[in-house]
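Peer 1: Input: one structure, supplied below.
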């Protein structure tokens, strides 16, 4: 099943048995998310079509959060998963601010920057669906 939004991603990852999930949960957040970026993250980005701008999940991240790069999307997924497993606030807007600062430095003219900027400067609740 290919999820269509962040909530579906989290629900699927939480209910699916996976070796190392407990180690992922118990590890420091940066350590855990960095460890999965190249291995599980690559598979997730490919299996869930995050590189395809026409896929429902890519469109969700672009439309809701202003993200256009699959690495940023998978980072949000894994960071939110780690936080959810540890009963911590997801702080999606805060996560996106890190990406905004990165892209501002390396690709400030990207057509997605205005939407990402609007999201990170916004206020209020952030939708997962």
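The values are calculated or read from the model by the stated rules, or taken from the named source; none is laboratory data. Computed from a predicted model, the values in this text were never measured in an experiment. All Cβ positions, glycine included, derive from the backbone under ideal geometry; neighbour counts span all protein chains shown.
Conditions (1) in contact with a helix residue (DSSP H, G or I) (Cβ under 9 Å, 6 or more places away or on another chain); (2) over 23 Å from residue 112 (Cβ atoms); (3) at pLDDT 95 or above, marked per residue:
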| site | (1), (2), (3) |
| --- | --- |
| 2 | yes, no, no |
| 6 | yes, no, yes |
| 18 | yes, yes, no |
| 72 | yes, no, yes |
| 92 | yes, no, yes |
| 98 | yes, no, yes |
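Peer 1: Here's something else I'd like to know. In the stretch 46-62, which residue that is assigned to a helix (DSSP H, G or I) and farther than 20 Å from residue 95 by Cβ is modelled with the highest pLDDT?
Peer 2: Here the residue is 56.
Peer 1: Of the residues 108, 89, which single one is part of a loop (DSSP other than H, G, I, E, B), without any contact (Cβ under 8 Å) to a residue 60 or more places away in the chain, more than 12 Å from the chain's Cα centre (by Cα) and closer than 26 Å to residue 18 by Cβ?
Peer 2: So the residue among 108, 89 that is part of a loop (DSSP other than H, G, I, E, B), without any contact (Cβ under 8 Å) to a residue 60 or more places away in the chain, more than 12 Å from the chain's Cα centre (by Cα) and closer than 26 Å to residue 18 by Cβ is 89.
Peer 1: Can you report the number of residues in the stretch 13-26 which are free of Cβ contacts under 8 Å to residues at least 24 places away in the same chain and either part of a loop (DSSP other than H, G, I, E, B) or within 14 Å of the chain's Cα centre (by Cα) (or both)?
Peer 2: 5
Peer 1: Follow-up question, since we're still on this one. What residue, of 43, 112, 66, is farther than 19 Å from residue 7 by Cβ and either surrounded by 14 or more Cβ atoms within 10 Å (Cβ to Cβ) or at pLDDT 95 or above (or both)?
Peer 2: None of the other options fit; the residue is 112.
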